[in-house]
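Input: a single structure, listed below in C-alpha cells.
The values are calculated or read from the model by the stated rules, or taken from the named source; none is laboratory data. For clarity, every value in this text was computed on a predicted model and none was experimentally measured. Every residue, glycine as well, gets a Cβ built from its backbone with ideal geometry; the counts of neighbours run over all protein chains shown.
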Amino acid sequence: MSSSEASDVALTVAPDLEPQAAWRGDGAAVVFDEPGCRAALESLDRPFTVVRIGDRVGIASADAGPGASDGPDRGDLLAPAPALPSGRLGDPGFRADHGVSLAYMAGAMANGIASEELVIALGRDGLLGSFGAAGLVPARIDEAIARIRQALPDGPCVFNLIHSPSEEALERAAVELYLARGVRTIEASAFLRMTPHLVRYRVAGLEEAPDGSVVARNRVIAKLSRREIATHFLLPAPAAMLRDLAEAGWITGRQAQLAERVPLADDITVEADSGGHTDNRPLGVLFPSIVALRDELQAHHRYARMTRVGAAGGIGSPAAVVAALAMGAAYVVTGSVNQACVEAETSPHVRSLLALAEFPDVAMAPAADMFELGVDVQVLKRGTMFPMRARRLYELYQRHASLEEIPTSDRQRLERQLFGRPLEAVWDAVVDYFSERDPAQLERAADDPKRRMALVFRWYLGLASRWANTGEPGRELDYQIWCGPAMGSFNDWVRGSALEPPEARRVAVVGRALMNGAAYLARVFQLEAQGVRISEPLRAARPPVAAAKAASHAGVAREQSRTVELSA
C-alpha cells in the first residue's frame, strides 16, 4: 500500500488481533473513511462495532447488523464499542450527591470572578459551579446567595470559603452567613490549617438518622495541594476544637459526638499547577499520593461514606480530563478556562488576553491575602507588568522595616509607576478601607511600621485584581489576572473553531465540550486496548463546532494581536 493510500485509512488492526466472532450484515452501512468513523465515534450515546470485510476495517452501526445477524455481507467482528455518553465518566456518587449530570465542576475564582451569572448558567445546564466569594464582604456574598437561589431554587451551586489568616473576621462572617442562609455546600480553599469556623460549618450540619447513621447536611469540597492539609480533611474534626465549639454553644454535644464518625470533607479536589493560589505540583505525582493517603485513612477509620477525590489544575483539554479520570479522579474541576468565558465577572480586555495566552505565559507573584507569609499566586504575564511590579514590592518588604526606610529613589518610582499617588495618600485609603471591612487590621498596624508597610503594599495587590475585573482605563499594565497553564492548553485545542473568540465562550458549552471530548478519547483508548489502531487525525477530540475560518488564518490574527499588544 502506498503512503498516499495509507493516509486515507482510518482504522487498522494489530497483527495479532483475533476476531471475536463472525459478522454478517449490510456492508453498505459500514463506514471506512475518516469522516464516517469520526461521526460514529462522536455519537457517544450510540454503540457500534469494528468489523473487517475483506481487507478493509470499518465501523458498523447497530443498524448494520450486530454479531452473526443475517445480511448480504460477511466479515469478522473485531471489537465492540458500547455507548459512552459523558455522563458516565467519573463517580456517579458525585453526580447524585450534588444533583448534576456530569462529574464536572467550575471552581471558585475570588472577588466574584466566578460570578452569579457563571454559577447560574452552569446550574441551569445541570453542572456545578462555585461562587467566588473570597475577598468579598458579607453583604456582597448575601446578595449573591439571594440571586443564585432565585434562579436555582433547587441548586446545584457551591459557595467558596477561603482561609483568611490575615482577615480572620471575614472567614468567620462568611461561615455565619452560610449557616444563617442554609448554604449546604461550600468549597474550602487555601487552608493552611483547620479553623474553628470551618469545623463549625461542617459539624453544625450533622444529624443522626433513625438507623443511627450520620447525615452530613453541610457538605465540604476541600481544594488542596499538600498531603498534610489533605490529612486534616480526611480525619474527623479535632477533639479540642469540637469541645470549644460545644462549650461556646455553636454546636451541640451530640453533634460533637457525631463528628467523631465522619471526615471533615465529602470531596477533596487535588489541585495541581493552577491559576491563583498554587504549589505548582504535577498532577501525575500529586494525585496518586493523595488517593493513597485517602485509602490508608479510610481503612483505619472505616467511614460509612468514603471521601471522593477529584482533580484540578491543568484541566484545559479533553486529553487532560481523560488523563485525570484514568488516574481515578471522581470528578474534574476547571478554573482558568472559565475566566475567559462571557459569564465571568471580568473585563473584555482580560478575556481577550486570556484567549491569546499560551501555556508558558504565566508567572508567580505575591498574593494580596497572604502577602506577609510570602505566599504566591499564579497570574498571566502576557500584556501586563503586574508580576514584576508585585515581586518588587515583596523584595522591598523583606529588605526594609518600614515605609520610611525605603530609599527616596525607590519610593518615588513606586509612587509614580505603581500607586499613582504619594504613599501617605495610599495609607489614608487603607484606613478608610479597613475601617469598614476589618478594623482589627488597623489596630495591629498601629504600633507596627512593618505591618503598616504590608497593608500599603497590599492596597496595590488587591486593587490590581479589581482593576482587571472592571477594566480600569490606564491601569492595563497593572492588571492582576489569575491564570494557570490550562488556559494555553484550552486555546490550543479550540484554535480555528467557533470557541476561539472570547465572546463565543460560555461556561456550560466549555464544560460539556471538555467532557464530551474526554468521552470521545475514552472510546478511542478502549478500541486501541482491543487492538484496533486509529489514525492520528482521528485520535484527536475536536471542539464542538468548526469555525468558518481556517486555523491558519486564526494563527495570523493571533500573531497580529500579539504584535499590537507587545507594542502598547
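List of remarks:
- Applying the condition of being of a type in the set (Asp, Glu) and touching a strand residue (DSSP E or B) at 6+ places or on another chain (Cβ under 8 Å) to the stretch 62-87 and asking which residue is modelled with the lowest pLDDT yields Asp70.
- Scan of the stretch 171-193 for residues that are crowded, with 20+ Cβ neighbours inside 10 Å and not in a helix (DSSP H, G or I), ordered by number: Val183, Thr185, Ile186, Glu187, Ala188, Ser189, Ala190, Phe191
- The set of residues in the stretch 115-162 that are under 20 Å from Arg466 (Cα atoms), of a type in the set (A, V, I, L, M) and without any contact (Cβ under 8 Å) to a residue 12 or more places away in the chain contains only Ala139.
- Residue that is among the basic types (Lys, Arg), under 15 Å from the mean Cα position of the chain (by Cα), farther than 19 Å from Leu89 by Cβ and assigned by TED's automatic domain parsing to the domain that holds Gly135, where the choices are Arg281, Arg302: Arg281
- Against the numbered list (1) β-branched (Val, Ile, Thr); (2) under 29 Å from Gln480 (Cα atoms); (3) in the same structural domain as Leu242 (by TED's automatic domain parsing); (4) more than 16 Å from the chain's Cα centre (by Cα), Val362 comes up short only at (3).
- Any hit, the stretch 257-280, residues being among the small types (Gly, Ala, Ser) and surrounded by fewer than 22 Cβ atoms within 10 Å (Cβ to Cβ): no
- Gly316 modelled with pLDDT of 95 or more, closer than 21 Å to Ala513 by Cβ and not hydrophobic (A, V, I, L, M, F, W, C): yes
- Subset of the stretch 176-193 [in contact with a Ser or Thr (Cβ under 9 Å, 6 or more places away or on another chain) and either without any contact (Cβ under 8 Å) to a residue 40 or more places away in the chain or of a type in the set (Ser, Thr, Tyr) (or both)]: Thr185, Ile186, Ser189
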